[in-house]
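Beneath this line is the structure, given in C-alpha cells, with notes to follow.
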C-alpha cells in the first residue's frame, strides 16, 4: 500500500480543470472499444448510467445486481429531486453557487475540483434525462419546474412528484435495457459480488454468487466499476433497502482499496419514528416537505396534549427561532441534531417521545388543501398508510434516521481507487459530499459519475495501460473463489443459537448509541470493544438455516452482516480519530456554547483514508487544499 | 403500546421450481397492529429458524412500496386487501386477533416459481428491452427546456411512468396477461414528444415480446387496475391497442 494517495487533480484554474483533463487524455479508438470488457457491479443511478453509457460507446459490458431486476436498485426510493445549476427560475443560481453550496454543505471536507466538476456536469444530466423521457414536473407554460431544498437559497431542484429517484433510475434502466436488447450488455441479475480478483496488482475480475442456485462464478474483464451504494444498514435500522450492503466494497477494501471517511454518515431529519422492536426498516419522508412543513415541539416538557390543542404561544418552532435565514430548510445534519436535542430535553412527542412535529396547517391555510395535495399527495398517503394518521389534519411525527453514507472507497479525480483498474462510482465512493450531503445531490452525483465522468476516465485508463488477456482460469480467480466458498461453508457450519437478525439488531443498537448523531470519546471506545466482542460471538454462535445450493436469504444476509461487523469498528475508529465536529460527525467534546459544531481546520482538513492489511488498519491522510473557497464557520443563522 | 394479536398464516411452501408445493399452517402469537405484513413474515421466519425449520423465502427490498420487489397474493388478492398499496405497506392494523391469512406467490406461467413465494419476473425486463426506451445516447441531448411539454401531458406521462414492475397485474389477471405493465410504458412514452420517433417500432416489439414470454391476452376484466399499487389506469391498455393498430397500418 502506498503511504501517499495521489488525488490526480488536473492543473489550471478550478473552472478549467475538467476541460484540461479531457483535452489531455488518451482515447480508445472506436474499433478497439469492443475488445474491452468492463464489469459493472450494481445497477442504481451510478451503475445503470455507467453500464448504458459505456455500452453506447462500444465497450462490452457485463452488469451485475443482487435484485431480481436492474430496475429495483435502491436509487429508486429517492423521493425529492435532483439539483442542477440551470438557473431556469432566474433566482441567481450559477455553477459556482452550486459548487459553493455543496462544499459548504459538506462542511469543507470534500475536494474542490471534484465538486466543481459535479456542478458543471449537473446541467447535462437534466438534458439527458429529459431526452430519455423522464417525466419531470412542469409549469403550465410547458417548461420545467423547480423547487427548493435544504442548504440552498435558490430553487434548483428538478423533480418528478415524490418519485424522482424512481423516474431517473427507470431512465437509466431503459437505456441499459436498450443495450441489453442490442447485445452490448450482458445482464446478471440475482448475483452478489463476493470478491475482487487482482492480477499483477490490477483489478481484473470478480467472484459472484448466483443467489438462486448458490453457484460461485468467475467473471473477468479489463476494469471493474463498483457502483454498489452506501453502507447505512450497518445501523440495522435505516432508510436503506433491506438488501443494501457493504460487502462488495468491503471485499475490495480487503484486497487493498482504501476506505475513506467511514464515520461520515448522514442522519436524515424527517423519517417516520420507530414503532416497535419488530421494526425492520425506517421510512423517509422527503426533505421537500420542509418547504411547507413547519417543525415544532411543545415548549413545555412532557406535554401530552394533542398537537391541535397546544396554542401557538406554547409551541417552539425551534429551527425558525435558531436559524432565521434558513428556517426549516437548514441542512440535514443541523435539522437532525436539533430534533435530537429537543427530544433529549424531554420535549419529544408521540408514544415513544422520540419525535417532533412537522406541521402543514399553516401551509394548508395559506395555499389550500389542493395545492398541498398536488405537491405532496403521495407522501401524505404513504405517511397515513404507515402510521394510520392523516397529516392533513394532524401534524406528522418525525425523527431522524440513518439515510446516506458520505464515506466510501477512496477515489482520485478519475474515480479510480488506489487499486488500479477498480473504479468506484456514486454513493459507494467518498468523493463529493464531504461530511454532509445536501438534499437532491445524491441523484446528481450518481448520474454525473455514470453518464459523464466515467466514459472519459475509464477510456483514459484503458488507453494508457497495456492489459494482458486474462480469463477465469487464472490462478488468482481460483484463490479468490476458494476464499468465497470457504466463507459460505463456514457460515453454514456454525449452527449456533442466535439468528442473523438478532446479531444485526445488536450491532445496530451499538452503532446508533455510540456512532450515531452524537459521539464521544468514551462512547466510541465502548463501541469498539462491544463490536469486537459481538463479532467474535457471531463467528461462534450464529445460526444460519438452509442450504448453500438454493435461494437462501439468511445466508446472504449473514455474509453481509459479517462485513458490517468489521466496518462498524472502523467507523468508530475513524470517528474517534477525528477530534472535531463537522457535518454529520458531531463530537460532543467539540461544540460551541450554543451547541453548534466546531471544526478544527488546522488539524483535520484532510480525507481519512484507511488502508487494510492483515495486521490491521492504518490511516493515510490526503490533505484537502482549498484554492478557491475560503473556509469559514458554516452558519445558517 | 398496542395490544398483540394472534394470527394464523397458511403459506405456500415450495422447495424449488420443479418441487411439489403445498400449504403449511403457522401461528404468530405476538403480532402487533403497527407491524407491516412483511414484518409479520419476518417474525414468523425468526420463529421457524429458532425451531430448526427453513424460513419462508419472499422477495422484498425497499419496503416503501417503490422498488416493486415484494408481491404475494394475500387471501386471494394480489398485494392484499388495501387498495393502491404494495404488500410491504400493508399494515396489521387492518387485521384483528384470531384472523387467518392465506399467502401465495404470483401464479402465472410466465413467472415460474423459484422458491416459496419468490417468482422469476425477468420476462418484464425482456419486454422493456424489446422497446421500452427512447434511443438517445448520453451526451447528445439538447437543452432540457428546448422541448416544452404541456403540463397536462407531462402529468399523465408521470401517472403511467409510476409503474413499479411488481407483477401484481399479471397475478390478478385471469389470463395472466402483462398488458397493464406493457401498456403503462407504451402510454408513458406515447404521451411525450421524445417517444414519437420510435412510436411504431416500440409498440410492435413490446407487444410481440409479451406474447412470446407466454403472457395471455387482455379480455377487459380490469382486475389488473384493481390491484395495481400505483393505480395505473386500464385506459393505458386502450392506448396500447390504438398504438398497435396504427403501427399495423404502417
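Helix B:199-212 and the longest principal axis of the Cα set of chain B meet at an angle near 40°.
Once the Cα atoms of helix B:151-161 and of chain B are each reduced to a long axis, what angle between those two axes, in degrees from 0 to 90 to the nearest 10, is obtained? Computed tilt is about 50 degrees. With the simple model of a label 7 Å out from the Cα in the direction of the Cβ, residue B:175 to residue B:27 spans 4.5 nm.
Between the stretch A:149-200 and the stretch A:389-413, how many Å separate their Cα centres? Computed from Cα coordinates, the inter-centre distance equals 20 Å. The value given for the stretch A:268-403 is a Kirkwood hydrodynamic radius of 14.9 Å, derived from the mean inverse Cα-Cα separation.
The tail of the calculated P(r) for the stretch B:121-248 beyond 17 Å holds 56 percent of all Cα-Cα pairs. DSSP beta bridges fully contained in the stretch B:5-114 are about 75 percent antiparallel.
A simple spin-label model places the labels of residue A:304 and residue A:629 4.8 nm from each other, with each point 7 Å out along Cα-to-Cβ.
Across the alpha-carbon set of the stretch B:14-58, the Rg to Rh ratio works out to 1.01, Rh being the Kirkwood radius.
Can you pull the percent of Cα pairs in chain B with separation above 21 Å? Tail of P(r) above 21 Å: 61 percent of Cα pairs.
Using the Cβ-Cβ distance between residue A:619 and residue B:246 with R0 set to 45 Å, the FRET efficiency works out to roughly 0.10.
When you work out D = kT/(6 pi eta Rh) for the protein assembly as shown at 37 °C and 0.692 mPa s, using the Kirkwood radius from C-alpha pairs as Rh and the Stokes-Einstein form, the result is 119 µm²/s.
Dividing the radius of gyration of the alpha carbons in the stretch A:326-433 by their Kirkwood radius gives 1.14 for Rg/Rh.
Spatially, the stretch B:200-234 and the stretch A:7-69 are offset by 35 Å when compared through their Cα centroids. Beta bridges per DSSP, both residues in the protein assembly as shown: antiparallel share near 70 percent. Take the alpha carbon atoms of the stretch A:322-339, find their center, do the same for the stretch A:439-517, and report the distance between the two centers in whole angstrom. After rounding, the separation between the Cα centres reads 34 Å. Think of it as helices only: each DSSP H run of n ≥ 4 in chain B is worth -39500 (n - 2.57), and spread over all residues that comes to -10000 deg cm²/dmol at 222 nm. Calculated translational diffusion coefficient of the stretch A:534-637 (10 °C, 1.306 mPa s; Stokes-Einstein with Kirkwood radius over alpha-carbon pairs) equals 92 µm²/s. Calculated mean residue ellipticity, 222 nm, chain A: -11500 deg cm²/dmol, from DSSP H runs (n ≥ 4) at -39500 (n - 2.57) each, averaged per residue and rounded to 500. Extension gain, residue A:529-residue A:606: 0.36 nm per intervening residue step, less the Cα-Cα distance, totals 25.1 nm. Taking the convex hull of the alpha carbon positions in the stretch B:1-143 and averaging its projected area over all directions gives 12.4 nm².
Directionally averaged projected area (the stretch A:355-513, Cα convex hull): 16.0 nm². When A:305, B:241 are arranged by Cβ crowding within 10 Å, least crowded first, meaning fewest neighbours, the order is A:305, B:241. Its Cα gyration tensor gives the stretch A:476-605 an equivalent ellipsoid; the semi-axes, largest first and in whole Å, are 36, 16, 11. Computed from the Cβ-Cβ distance with R0 of 60 Å, the FRET efficiency linking residue A:577 to residue B:107 stands at 0.65. Computed over the stretch A:104-143, the Cα gyration tensor eigenvalues convert (square root of 5λ each) into semi-axes of 29, 13, 8 Å, ordered from largest to smallest. Counting neighbouring beta carbons within 10 Å and listing from fewest to most, the residues A:487, B:242 come out as B:242, A:487. Legend: calculated FRET efficiency, residue A:11 to residue A:186, from the Cβ-Cβ distance at R0 = 45 Å, rounded to 0.05, equals 0.70.
Output the 0 to 90 degree angle, nearest 10, between the alpha-carbon long axis of helix B:235-248 and the longest principal axis computed from the alpha carbons of chain B. So the inclination is approximately 40 degrees. By the count of neighbouring beta-carbon atoms within 10 Å, fewest first, A:539, A:296, A:18 end up ordered A:539, A:18, A:296.
We did not get these values from a lab; they are worked out from the coordinates using the rules stated. As the structure is a computational prediction, the values presented were derived from the model and not from experiment. All Cβ positions, even for glycine, are placed from backbone atoms using ideal geometry, and neighbour counts span all protein chains on display.
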